[in-house]
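A.B. asks: Next up is a structure, given as structure tokens.
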């Protein structure tokens, strides 16, 4: 009877081996769970940044598509080719028709001055894409309005303007006429391991408006 009981028990060596295997399996499981959680967080961070960048480009494209282009008004449209250090940081400013509320509880016009540009905060490594909206009907455009950040981790913002012949890097305010199209390019970087870079582009056309260079070409 005592011999059977001795055979059914675990020896010290077997107990040590079993404990070691359990520890290894538990450690491997924790490592796998941590890697899975890190990969999920990385994917979520990248997806959120990509969605934010796409929404920002869509906001610019929508504002451009609704830009005020009536010939009986001195409509504002200005595209500046600019840099922020070694980073392309173009700026665009125009009037757009929008029912989006900017200052709740205050009277505002549907015709809004809208500006998109990059700003570099001193405490961040990358630039922010800013939208400035002025809903007041001023006699001349000014720097008033409401500022919003619509994209983070921006590596570059570039606009190009088609004059009917080719693409231009800028569109001065005193240009006679409108571009036939505007190309928007936005580059953003996800600070993950490894880093992920996206470049999102979109073209907005103005088919009913002739540019100055096109009119001159047709006259010649």
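A.B. asks: In contact with a helix residue (DSSP H, G or I) (Cβ under 8 Å, 6 or more places away or on another chain), surrounded by fewer than 11 Cβ atoms within 10 Å (Cβ to Cβ) and modelled with pLDDT under 70, is that true of residue 24?
C.D. replies: Against the criterion (in contact with a helix residue (DSSP H, G or I) (Cβ under 8 Å, 6 or more places away or on another chain), surrounded by fewer than 11 Cβ atoms within 10 Å (Cβ to Cβ) and modelled with pLDDT under 70), residue 24 does not qualify.
A.B. asks: In addition: Give the range 124-143 a look and list any residue that's at pLDDT below 90 and over 24 Å from residue 199 (Cβ atoms), or say none.
C.D. replies: Passing the criteria: 134, 135, 136, 137, 138, 139, 140, 141, 142, 143.
A.B. asks: Now for a separate question. Filter the range 88-101 down to residues that are part of a strand (DSSP E or B) and closer than 15 Å to residue 184 by Cα, then give me how many there are. Steps first, answer last, please.
C.D. replies: The first filter runs over the range 88-101 and keeps only residues part of a strand (DSSP E or B), leaving 88-89, 91-97.
Those still in the list that are closer than 15 Å to residue 184 by Cα too: 88-89, 91-94.
Residues flagged as part of a strand (DSSP E or B) and closer than 15 Å to residue 184 by Cα within the range 88-101 amount to 6.
A.B. asks: Give the range 120-136 a look and list any residue that's part of a loop (DSSP other than H, G, I, E, B) and within 23 Å of residue 191 (Cα to Cα), or say none.
C.D. replies: 120, 121, 122, 123, 124, 125, 126
A.B. asks: Ok, one more. State which residue is surrounded by the most Cβ atoms within 10 Å (Cβ to Cβ) when the search covers only the range 41-54 and only residues that are closer than 13 Å to residue 198 by Cβ and in contact (Cβ under 8 Å) with a residue 40 or more places away in the chain.
C.D. replies: Per the stated criteria, the residue is 53.
A.B. asks: May I ask you to list the residues in the range 180-194 that are without any contact (Cβ under 8 Å) to a residue 60 or more places away in the chain, surrounded by 17 or more Cβ atoms within 10 Å (Cβ to Cβ) and farther than 19 Å from residue 47 by Cα?
C.D. replies: Correct list: 180, 181.
A.B. asks: Among the residues of the range 169-179, how many are without any contact (Cβ under 8 Å) to a residue 24 or more places away in the chain and in contact with a helix residue (DSSP H, G or I) (Cβ under 9 Å, 6 or more places away or on another chain)?
C.D. replies: Result for the range 169-179: 0.
A.B. asks: Given the residues 197, 157, which is the only one that is within 20 Å of the chain's Cα centre (by Cα), in contact (Cβ under 8 Å) with a residue 12 or more places away in the chain, within 17 Å of residue 81 (Cβ to Cβ) and outside any loop (DSSP other than H, G, I, E, B)? Spell out the reasoning first.
C.D. replies: On the way: 197 fails: within 17 Å of residue 81 (Cβ to Cβ).
Matching residue, one of 197, 157: 157.
The values are calculated or read from the model by the stated rules, or taken from the named source; none is laboratory data. Because the structure is predicted, anything quoted here is derived from the model rather than measured. Quick reminder, even Gly has a Cβ in these numbers, built from the backbone with ideal geometry, and neighbours come from all protein chains shown.
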